[in-house]
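Asker: Just dropping this structure here.
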Amino acid sequence: MKFPLFVLLGHPFLCEEKRKEILSTLEKELGSGLAVSIRRAGEIPLAQWMTEARTLPFLAPAQIFSIRDADQFSKSDWNAWQEYFESPHPQSI
(Lines give C-alpha, C1' and ligand atoms only; values in the text may rest on other atoms or scores of the structure.)
Protein backbone atom coordinates (compact mmCIF):
# COMPACT_ATOMS: atom_id res chain seq x y z
CA MET A 1 0.00 0.00 0.00
CA LYS A 2 1.35 3.42 -0.93
CA PHE A 3 0.65 6.21 1.48
CA PRO A 4 -0.02 9.82 0.57
CA LEU A 5 2.14 12.89 0.89
CA PHE A 6 0.52 15.91 2.51
CA VAL A 7 1.86 19.43 2.16
CA LEU A 8 0.31 21.97 4.52
CA LEU A 9 0.93 25.65 3.88
CA GLY A 10 -0.52 28.72 5.54
CA HIS A 11 -1.19 29.96 9.05
CA PRO A 12 0.64 27.78 11.62
CA PHE A 13 -2.48 27.27 13.76
CA LEU A 14 -4.55 26.08 10.80
CA CYS A 15 -1.74 23.81 9.60
CA GLU A 16 -1.48 22.26 13.06
CA GLU A 17 -5.24 21.67 13.21
CA LYS A 18 -5.19 20.04 9.78
CA ARG A 19 -2.19 17.89 10.78
CA LYS A 20 -4.16 16.63 13.80
CA GLU A 21 -7.16 15.90 11.59
CA ILE A 22 -5.04 13.95 9.10
CA LEU A 23 -3.39 11.97 11.90
CA SER A 24 -6.78 11.13 13.40
CA THR A 25 -8.09 9.94 10.03
CA LEU A 26 -5.00 7.78 9.44
CA GLU A 27 -5.32 6.25 12.91
CA LYS A 28 -8.94 5.34 12.15
CA GLU A 29 -7.92 3.73 8.85
CA LEU A 30 -4.72 2.00 9.99
CA GLY A 31 -5.31 1.51 13.71
CA SER A 32 -3.74 3.17 16.70
CA GLY A 33 -0.08 2.87 17.50
CA LEU A 34 1.30 4.67 14.47
CA ALA A 35 4.93 5.74 14.80
CA VAL A 36 4.79 9.55 14.60
CA SER A 37 7.88 11.76 14.28
CA ILE A 38 7.41 15.54 14.44
CA ARG A 39 10.52 17.64 13.82
CA ARG A 40 11.63 20.87 12.23
CA ALA A 41 13.69 20.98 9.05
CA GLY A 42 17.36 21.21 9.96
CA GLU A 43 16.82 19.60 13.37
CA ILE A 44 18.57 16.45 12.17
CA PRO A 45 20.74 15.87 9.10
CA LEU A 46 18.91 15.04 5.88
CA ALA A 47 20.68 11.67 5.71
CA GLN A 48 19.08 10.74 9.05
CA TRP A 49 15.62 11.73 7.74
CA MET A 50 16.16 9.49 4.73
CA THR A 51 17.38 6.57 6.83
CA GLU A 52 14.37 6.82 9.13
CA ALA A 53 11.95 7.14 6.20
CA ARG A 54 13.40 4.02 4.56
CA THR A 55 13.33 1.95 7.75
CA LEU A 56 10.47 -0.37 8.62
CA PRO A 57 8.45 1.07 11.54
CA PHE A 58 9.04 -0.75 14.83
CA LEU A 59 5.86 -2.42 16.14
CA ALA A 60 3.63 -0.01 14.22
CA PRO A 61 1.46 -0.42 11.11
CA ALA A 62 3.00 2.72 9.57
CA GLN A 63 5.20 5.67 10.40
CA ILE A 64 4.31 9.30 9.89
CA PHE A 65 6.83 12.09 9.46
CA SER A 66 5.70 15.63 10.13
CA ILE A 67 8.32 18.14 9.02
CA ARG A 68 7.80 21.68 10.20
CA ASP A 69 9.49 24.65 8.52
CA ALA A 70 10.20 22.50 5.45
CA ASP A 71 10.78 25.71 3.49
CA GLN A 72 14.16 25.80 5.27
CA PHE A 73 15.42 22.83 3.25
CA SER A 74 18.00 23.69 0.59
CA LYS A 75 17.48 23.02 -3.11
CA SER A 76 19.68 19.92 -2.89
CA ASP A 77 17.62 18.70 0.10
CA TRP A 78 14.45 19.11 -1.97
CA ASN A 79 16.06 17.19 -4.82
CA ALA A 80 16.84 14.34 -2.40
CA TRP A 81 13.24 14.37 -1.11
CA GLN A 82 11.91 14.36 -4.66
CA GLU A 83 14.02 11.32 -5.46
CA TYR A 84 12.79 9.59 -2.27
CA PHE A 85 9.12 10.31 -3.07
CA GLU A 86 9.49 8.67 -6.49
CA SER A 87 9.85 5.38 -4.60
CA PRO A 88 8.94 5.89 -0.92
CA HIS A 89 8.97 3.19 1.73
CA PRO A 90 5.52 1.58 1.60
CA GLN A 91 4.88 2.15 5.31
CA SER A 92 6.06 5.76 5.58
CA ILE A 93 3.70 8.71 5.32
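Asker: When the accessible area of the chain is computed with all protein chains present and a 1.4 Å probe, what percentage of it is carbon and sulfur?
Answerer: About 57 percent, which is the carbon plus sulfur part of the accessible surface.
Asker: Residue by residue through the range 38-46, which ³J(HN,Hα) values in whole Hz follow from phi under the Karplus form 6.51 cos²θ - 1.76 cosθ + 1.60 (θ = phi - 60°), with glycine and proline marked x?
Answerer: Each residue's phi maps through the Karplus curve to give 10, 9, 9, 4, x, 5, 10, x, 4 Hz.
Asker: Per residue, how large is the accessible surface of the chain? Use a 1.4 angstrom probe and give square angstrom.
Answerer: Heavy-atom accessible area per residue stands at 69 Å².
Asker: Loop only by DSSP, 10 or fewer other Cβ within 10 Å of the Cβ. Give me the chymotrypsin sites (Phe, Trp or Tyr not before Pro) in the range 33-84 that pass, ordered by residue number.
Answerer: Answer by residue number: PHE58.
Asker: Let me ask you something else. Percentage of Cα-Cα pair distances in the chain greater than 14 Å, rounded to whole percent?
Answerer: Values: 2892 of 4278 pairs.
Across the chain, Cα pairs with separations above 14 Å total 68 percent.
The values are calculated or read from the model by the stated rules, or taken from the named source; none is laboratory data. Note that this is a predicted model, so its numbers are computed, not measured. So basically every Cβ, Gly included, is an ideal-geometry build from the backbone, and we count neighbours across all protein chains shown. Keep in mind that these areas ignore ligands, DNA and RNA; they rest on the heavy atoms of the full protein, side chains included. Shrake-Rupley method; radii C 1.70, N 1.55, O 1.52, S 1.80 Å.
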